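One structure is given here, and the rest of the page talks about it.
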Amino acid sequence: MPAPLIELEDIRKSYGTGTEVEVEVLHCIDLVLRAGEFAALIGPSGSGKSTLLNLIGLLEPPTRGSYSIVGRPTAALADDDLTALRGTAIGFVFQFHHLLPAFSALDNVAMPVLIRDGRVNAAARARVAALPVVQRAFE
């Protein structure tokens, strides 16, 4: 079995911590995702989907619990390290209104490579085209 790419253990996220209006949005989340797996995050409005995605995307830290990405614990990482990890290990393909209309779906997914390297070479384009999420977009 391949090593986890994303591993969340007992993740909790609260807002207003230490105040009278503290609200725990995420409660005891455990999640393991491995290479090649496909997951969907569904739930009603206000259930914590965006909060969980922000946490997985390293945009905000959990209040409690542990998160490792590509085997690397994230809790003690400095902002520069989190930024580097975001740029190389994780990405989001947003829905329609967040896509850049001047670019194809493949180019939208390859955008981080373009930003990082200033261009998208043939090897990067082939790697992006092989991603399951891109292949599903063209089914």
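The values are calculated or read from the model by the stated rules, or taken from the named source; none is laboratory data. The structure displayed is predicted, hence computed values, not measured ones. Note: ideal-geometry Cβ built from the backbone for every residue, glycine included; neighbour counts use all protein chains shown. Surface accessibility is based on the protein's heavy atoms, side chains included, excluding ligands, DNA and RNA. Shrake-Rupley method; radii C 1.70, N 1.55, O 1.52, S 1.80 Å.
Structure notes:
- Test: residue in segment 69-81 that is polar (S, T, N, Q), closer than 21 Å to V128 by Cβ and free of Cβ contacts under 8 Å to residues at least 60 places away in the same chain: no
- Here segment 1-21 is the region considered, the condition is being farther than 23 Å from S47 by Cβ and modelled with pLDDT under 90, and the residue that is most open to solvent (accessible area, probe 1.4 Å) is M1.
- Residue within segment 75-94 that is closer than 18 Å to R12 by Cβ and touching a strand residue (DSSP E or B) at 6+ places or on another chain (Cβ under 7 Å) present: yes
- For segment 1-58, taking the residues that are in contact with a strand residue (DSSP E or B) (Cβ under 6 Å, 6 or more places away or on another chain) and among the polar types (S, T, N, Q), the one that is nearest to D79 (Cα to Cα) is identified as T51.
- Look at segment 115-139: where a residue is closer than 23 Å to A39 by Cα and a partner is at pLDDT below 70, sitting 6+ places away or on another chain with Cβ atoms under 7 Å, you get V128/V134; V133/V93.
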